[in-house]
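For reference, the structure is listed below as structure tokens.
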Amino acid sequence: MTSSDMEQAESELQDLREEVAETTKEIIKLVARRAELAKRIGEVKSKGSLPIDNEKVEDALLEDVLRECKRLGLDQQLGAKILATLVKDSKKTQRAQVGGKVQPLITPMVMMAKATEIEKSGKKLIRLDVGEPDFRPPKAVLDAVSNALYSYKTYYTVGRGIPELLSALKTYLAVRYNYREAAENQLIVTPGGRFAVYSALATVASEGDSVVVIEPNWPAYKEGLDYIGARAITIRTTMEEGWEPSPERVKAAIRPNTKAIILSYPANPTGKIMERGSFREIVEIADDHGLTVISDEIYNDYAYKGCPTILEKLPKRYILTSSFSKAWSMTGFRVGYSLAPAETSARMLKALGLMITCVPEFIQRGAVKALESVDEVSHNSRVMEERIDATTAELEKIGALELVKPEGAIYAFPQAKDPNFDSAAFAMELLEKKGVTISPGTGFGDYPRCFRLSLGQPQETLSAGVRKIGELLS
Ligand code: PMP
């Protein structure tokens, strides 16, 4: 290369850099204009007491952006990511604008914190808010944890989990689900199902991506996606449709930036078990579109009709998450697990290693014994079925309510017949006047007429709670 070639290249580069700087300034000016518009939208919403989030509007905008990216030959993922940043900023501006007028969502975790605060003052409450069974953990688990502590199993372990637990999980999956293919590099022992779900979301989706979720559902799916900067595309099911999502709607919800779909049956809060045929169809649709199916099967042992599992026919991309919390009533132990293809599992493991190193070994030793405690699981499941039967019958007697009988899980999710029912206000009134805690339906999606009762209490307590609900509604 001659020195004049170099000079020419330098000058060309200089011109291009100037153009880049100009273009960047143009972009920033446009962003400032957009922020100004967001502020005005915030003012209008504040005046009209309108909600900040509007999934339909966001969805339409995303479609526009993706179409424009395609037309311009720009990477759609980049377009979606830029849009996500802009939308996040707009919402921040609008929230500041609307200020104190936004009612924070009362999720089960918020309700739990409130109730615990009241209980500290000595007041006795009927707690139907927390999704946690009242059963004792198996004695064998307590012995194993205690022995492990006194044998000083109190040091770090490898992140994935101790070999004894990984091996016990493999045997468990083979016996319980007839699934014999699980390899140790596909399994991870996690601190509860919650972490398994969060690391699954963080592994499959990044900022600007979207994930299909079926509502009503456990709030942590949407909250987790929000935290990551990804968007939930919601398929709203209704009580009138028996909470059944149609595969066609799932297919229609998929966008070019969609990375995954979350399924969880039996479902929290409805107790719905999806028809096996629909489940398979949805998994196939996901497979055809290259999506990961995240199947949260935490309530699988509380199923009162055949419940489909992802293990029956694994798609190419999948993450199964589960937990010891519900079936063995071990919520406070914080132990769960995930199963995914080795490469996905390695990425999830990275998150676990970075955040918590490992699940404590003495807890893992307890989990090994839990997997052998099948009688306790059957007992818990049987008792829960009786509670579902009894509580459904009692709720059906309340004229102001209607419900679809739960087919599994540990909840009831009745709906008020009054079209203007405000479950958040009702939950607060019920707490103040009757000392009963429930979780408003708005914590699980757009369900102001519904509320969730957790059946993790003895039947007498449940009946007393339902009676008080009936009194307040009469
Ligand atoms: N998935 C669902 C559907 C749940 O309802 C819960 C707990 N409420 C979890 C996962 C997480 O439970 P844990 O972290 O205790 O295993």
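The values are calculated or read from the model by the stated rules, or taken from the named source; none is laboratory data. Predicted, not measured: the structure shown is a model, and the values here were computed from it. Here Cβ is always computed from backbone atoms with ideal geometry, including for glycine, and neighbour counts include all displayed protein chains. The protein model used for the area step is the full one, side chains on, heavy atoms only, and it has no ligands, DNA or RNA in it. Shrake-Rupley method; radii C 1.70, N 1.55, O 1.52, S 1.80 Å.
Would you check if ALA303 is in contact (Cβ under 8 Å) with a residue 40 or more places away in the chain, away from the ligand (no atom under 16 Å from the Cβ) and open to solvent by 20 Å² or more (accessible area, probe 1.4 Å)? Spell out the reasoning first.
On the way: in contact (Cβ under 8 Å) with a residue 40 or more places away in the chain: yes; away from the ligand (no atom under 16 Å from the Cβ): no; open to solvent by 20 Å² or more (accessible area, probe 1.4 Å): yes.
Spelling it out, it is not the case that ALA303 is in contact (Cβ under 8 Å) with a residue 40 or more places away in the chain, away from the ligand (no atom under 16 Å from the Cβ) and open to solvent by 20 Å² or more (accessible area, probe 1.4 Å).
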Reported set for segment 38-75 where residues are open to solvent by 80 Å² or more (accessible area, probe 1.4 Å), closer than 23 Å to GLU223 by Cα and among the aliphatic types (A, V, I, L, M) is LEU50, VAL57
Going through (1) open to solvent by 80 Å² or more (accessible area, probe 1.4 Å); (2) modelled with pLDDT of 95 or more one by one, ARG34 fails only at (1)
Lone qualifier among ILE356, ILE363 - being within 15 Å of the ligand (Cβ to nearest atom), farther than 24 Å from PRO133 by Cβ, within 26 Å of the chain's Cα centre (by Cα) and not charged (D, E, K, R): ILE356
Could you tell me which residue of segment 314-345 is nearest to the ligand (Cβ to nearest atom), considering only residues that are open to solvent by 10 Å² or more (accessible area, probe 1.4 Å) and of a type in the set (A, V, I, L, M)? LEU314
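Can you name every residue in segment 43-70 that is charged (D, E, K, R) and farther than 21 Å from SER210 by Cα?
Let us first name the residues in segment 43-70 that are charged (D, E, K, R), namely 43, 45, 47, 53, 55-56, 58-59, 63-64, 67-68, 70.
Across segment 43-70, the qualifying residues are GLU43, LYS45, LYS47.
Is it fair to say LYS272 is open to solvent by 10 Å² or more (accessible area, probe 1.4 Å), out of contact with any helix residue (DSSP H, G or I) (no Cβ under 6 Å at 6 or more places or on another chain) and within 16 Å of the ligand (Cβ to nearest atom)?
Values: open to solvent by 10 Å² or more (accessible area, probe 1.4 Å): yes; out of contact with any helix residue (DSSP H, G or I) (no Cβ under 6 Å at 6 or more places or on another chain): yes; within 16 Å of the ligand (Cβ to nearest atom): yes.
Considered against the rule, which asks whether it is open to solvent by 10 Å² or more (accessible area, probe 1.4 Å), out of contact with any helix residue (DSSP H, G or I) (no Cβ under 6 Å at 6 or more places or on another chain) and within 16 Å of the ligand (Cβ to nearest atom), LYS272 comes out as yes.
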From LEU311, LEU291, LEU225, grab the single residue that is within 16 Å of the ligand (Cβ to nearest atom), modelled with pLDDT of 95 or more and of a type outside the set (Phe, Trp, Tyr). LEU225
Residues of segment 444-460 being open to solvent by 40 Å² or more (accessible area, probe 1.4 Å), out of contact with any Lys or Arg (no Cβ under 8 Å at 6 or more places or on another chain) and in contact (Cβ under 8 Å) with a residue 40 or more places away in the chain, in sequence order, are PRO458
Please state which of the following conditions LYS251 fails to meet, knowing it meets all the rest: (1) more than 17 Å from PRO406 (Cβ to Cβ); (2) more than 16 Å from the ligand (Cβ to nearest atom); (3) open to solvent by 10 Å² or more (accessible area, probe 1.4 Å); (4) in contact with a Ser or Thr (Cβ under 9 Å, 6 or more places away or on another chain). (4)
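Going by the structure shown, is THR154 away from the ligand (no atom under 16 Å from the Cβ), farther than 23 Å from ALA260 by Cα and in contact with a Phe, Trp or Tyr (Cβ under 8 Å, 6 or more places away or on another chain)?
Values: away from the ligand (no atom under 16 Å from the Cβ): yes; farther than 23 Å from ALA260 by Cα: yes; in contact with a Phe, Trp or Tyr (Cβ under 8 Å, 6 or more places away or on another chain): yes.
In short, yes.
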Scan of segment 256-274 for residues that are at pLDDT below 95 and more than 17 Å from ILE294 (Cβ to Cβ), ordered by number: PRO256
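To keep it simple, each residue is scored yes or no on (1) surrounded by fewer than 21 Cβ atoms within 10 Å (Cβ to Cβ); (2) touching a Lys or Arg at 6+ places or on another chain (Cβ under 7 Å); (3) outside the structural domain of LEU462 (by TED's automatic domain parsing).
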| site | (1), (2), (3) |
| --- | --- |
| LEU125 | yes, no, no |
| LEU149 | yes, no, yes |
| LEU165 | no, no, yes |
| THR171 | yes, no, yes |
| GLU181 | yes, no, yes |
| ALA196 | no, no, yes |
Is it true that ILE285 is β-branched (Val, Ile, Thr) and either in the same structural domain as VAL65 (by TED's automatic domain parsing) or open to solvent by 10 Å² or more (accessible area, probe 1.4 Å) (or both)? yes
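Give, as residue ranges, the helices (runs of 4 or more DSSP H) completely inside segment 217-296 that count at least 3 residues that are acidic (Asp, Glu) and farther than 20 Å from GLU55 by Cα.
Values: elements: 220-228, 247-253, 276-288.
Qualifying helices (runs of 4 or more DSSP H): 276-288.
Matching residues to (1) farther than 24 Å from ALA412 by Cα; (2) more than 15 Å from the ligand (Cβ to nearest atom); (3) touching a Leu at 6+ places or on another chain (Cβ under 8 Å):
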{"site": "TYR177", "(1), (2), (3)": "yes, yes, yes"}
{"site": "ALA182", "(1), (2), (3)": "yes, yes, yes"}
{"site": "LEU187", "(1), (2), (3)": "yes, yes, yes"}
{"site": "VAL197", "(1), (2), (3)": "no, no, no"}
{"site": "ILE214", "(1), (2), (3)": "no, no, yes"}
{"site": "ASN217", "(1), (2), (3)": "no, no, no"}
{"site": "ALA232", "(1), (2), (3)": "yes, no, yes"}
{"site": "GLU240", "(1), (2), (3)": "no, yes, no"}
